[in-house]
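J.: Just passing along the structure, written as structure tokens.
The values are calculated or read from the model by the stated rules, or taken from the named source; none is laboratory data. No experiment lies behind these values; they were computed from the predicted model shown. Don't worry about glycine lacking a Cβ; one is built from the backbone with ideal geometry, like all the others, and counts go over all protein chains shown. For accessibility, only protein heavy atoms count, side chains too; no ligands or nucleic acids. Shrake-Rupley method; radii C 1.70, N 1.55, O 1.52, S 1.80 Å.
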Amino acid sequence: MKRNLFFQRTTFIVTGILLLGGLGFSVLASIAFGNANISLKDVYSVVLWELFHPEHLSGYATGAVHDVVWLIRFPRVLLGLAVGMGLSVCGVVMQAVVKNPLADPYILGISSGASLGATAAILFGFGTMFGNNSVGIMAFLGAMATSFGVLFIANVGGKANAGKLILAGMAVSAVCSAFSNFILYIANDKNGMAEVTFWMMGSLGGAKWENVSVILPIILVGALIFWTQFRNLNLMLLGDEVAITLGTNLYRARIIYLILSSLMVGFAVYSAGMIGFVGLIIPHVIRMLFGTDHRKVIPLSALLGGIFLIWSDVACRTLLENSEMPIGILVSLIGAPCFIYLMVRKSYGFGGVR
């Protein structure tokens, strides 16, 4: 038994180190890819200048190469890291909170709320006081409002549980989708409809240092908070009745986790639009390899999610010449077959049940 535990712990540590190294490599390597043909020497000269300001690289302080590498590519890579981490960790948490292996960060209607906010901003001009960020901020507000609405409905007539949260999420999601479609129908704005469609496909193209400097710390802090809560998340997989017999009432923890998850997903939606499947697939891949202990699942999912979205974005930038594929399309093309595989894999278990 001790030898088996030692092997499992060693495997987890080694995998974590490899993924952390892979994440660092992904960040540094991915900035070299893009439609603009820039040599590796120029790319890393710009990065070294911005990080350390060596005198012999002062020629890279300004210019087109500097702007492409430092103002476009680098923040885009870090945004992909943040969004991938956030969606993956929130996927882990949502699946535990509602005790449903098919849950992802959008199961509580967050995606529909964000879509409604963005649609209203694009077609009706809501949120114009936010300037150029009006669409993203309205999407964020829509996601947060939807999350609180779901929590309120689930608590009507008694305390919320996993089943009530799922049903409330489905109902609110249907209402938000109906309103979004109604706005699209009455607006009769072809340009606006095209913009809404593109936003719903997801993109990291709007990454800026101002956004990344806010979103990345929030995602990292949120992931660390959830990592410290691994015991409660493990209990949630066993069910409320078992948790109560062990002296733990998970009701308050479930509400706090949902609010924090909604905050993280709201910022991800604000910065990158709708990107599905990341929060569904990544946690399952980690569970297939390391089991359901959230002490392992959360950090490994965060690292793998960041790596996955970084390279997905690289593919979106390079697959089509002089064009860019929306990242939501590519992720869905990858995620759907993986999802089907997980469904037919009989040896895979969730929550300790095969």
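J.: Modelled label-to-label distance, Glu324 and Phe7, 7 Å Cα→beta-carbon offset: nm?
T.: Result for the modelled spin labels: 4.7 nm.
J.: Another question, if that's okay. How big is the accessible area of Leu167 in square angstrom, nearest 10, if you roll a 1.4 angstrom probe over the protein chains?
T.: For Leu167, solvent-accessible area is about 120 Å².
J.: Could you identify which residue out of Val83, Val47, Val93 has the top mean-square fluctuation in a GNM of the chain using Cα springs shorter than 10 Å?
T.: Greatest mean-square fluctuation among the candidates belongs to Val47.
J.: Next question, about the same structure. Order the following by accessible area, largest value first: Glu241, Glu324. Probe radius 1.4 Å; ligands, DNA and RNA are ignored.
T.: Largest accessible area first, the list is Glu241, Glu324.
J.: Return the calculated 222 nm mean residue ellipticity for the chain, to the nearest 500 deg cm²/dmol, obtained by summing -39500 (n - 2.57) across DSSP H runs with n ≥ 4 and dividing by the residue count.
T.: Computed ellipticity for the chain at 222 nm equals -24500 deg cm²/dmol.
J.: Using a basic spin-label model with each label point 7 Å from the Cα along Cα→Cβ, how many nm lie between Asn132 and Lys190?
T.: It works out to 2.8 nm between the two label points.
J.: Over the range 36-120, what is the relative contact order in whole percent, taking alpha-carbon pairs under 8 Å and six or more residues apart?
T.: 17 percent
J.: Going down the list Lys164/Lys296; Lys99/Lys296; Lys99/Lys164, which pairs span over 21 Å between their C-alpha atoms?
T.: Distance filter (> 21 Å) returns Lys164/Lys296.
J.: Once the whole set of protein chains is in place, how much accessible area is left on Arg295, using a 1.4 Å probe, in Å² to the nearest 10?
T.: 120 Å²
J.: On to the next question. What accessible area, in Å² to the nearest ten, does a 1.4 Å probe give for Ser213?
T.: 70 Å²
J.: With a Förster radius of 45 Å, plug the Cβ-Cβ distance of Thr245 and Ala61 into 1/(1 + (r/R0)^6) and report the FRET value to the nearest 0.05.
T.: 0.10
J.: Quantify, in whole percent, the carbon and sulfur part of the accessible surface of the range 1-144 (1.4 Å probe; protein heavy atoms only).
T.: Roughly 68 percent of what the probe reaches on the range 1-144 is carbon or sulfur.
J.: For Thr128, Thr119, Thr292, write out the residues from largest to smallest accessible area, computed with a 1.4 angstrom probe and no ligands counted.
T.: Solvent-accessible surface, decreasing: Thr128, Thr292, Thr119.
J.: Here's another thing I want to ask about it. Which order do you get for Ile259, Ile307, Ile298, Ile153 if you rank them by accessible area with a 1.4 Å probe, largest at the top?
T.: Correct descending sequence by accessible area is Ile153, Ile259, Ile307, Ile298.
J.: At 27 angstrom or more along the helix axis (alpha-carbon based) and mean Kyte-Doolittle of 0.0 or higher, what helices does the chain contain? Whole DSSP H runs only.
T.: 2-30, 74-97, 134-155, 162-187, 209-228, 251-272, 294-318
J.: Working out 0.36 nm times the residue gap between Tyr44 and Ile256, then minus their Cα-Cα distance, what length gain in nm do you get to one decimal?
T.: Length gained, Tyr44 through Ile256: 72.1 nm.
J.: Tell me, what is the per residue accessible area of the range 95-143 in Å², probe radius 1.4 Å?
T.: I get 34 Å² per residue for the range 95-143.
J.: Roughly how many Å² is the accessible area per residue of the range 155-290, as a whole number, for a 1.4 Å probe?
T.: 49 Å²
J.: Compute the separation of the alpha-carbon centres of the range 257-318 and the range 120-174 and state it in Å as a whole number.
T.: Going from one Cα centre to the other spans 21 Å.
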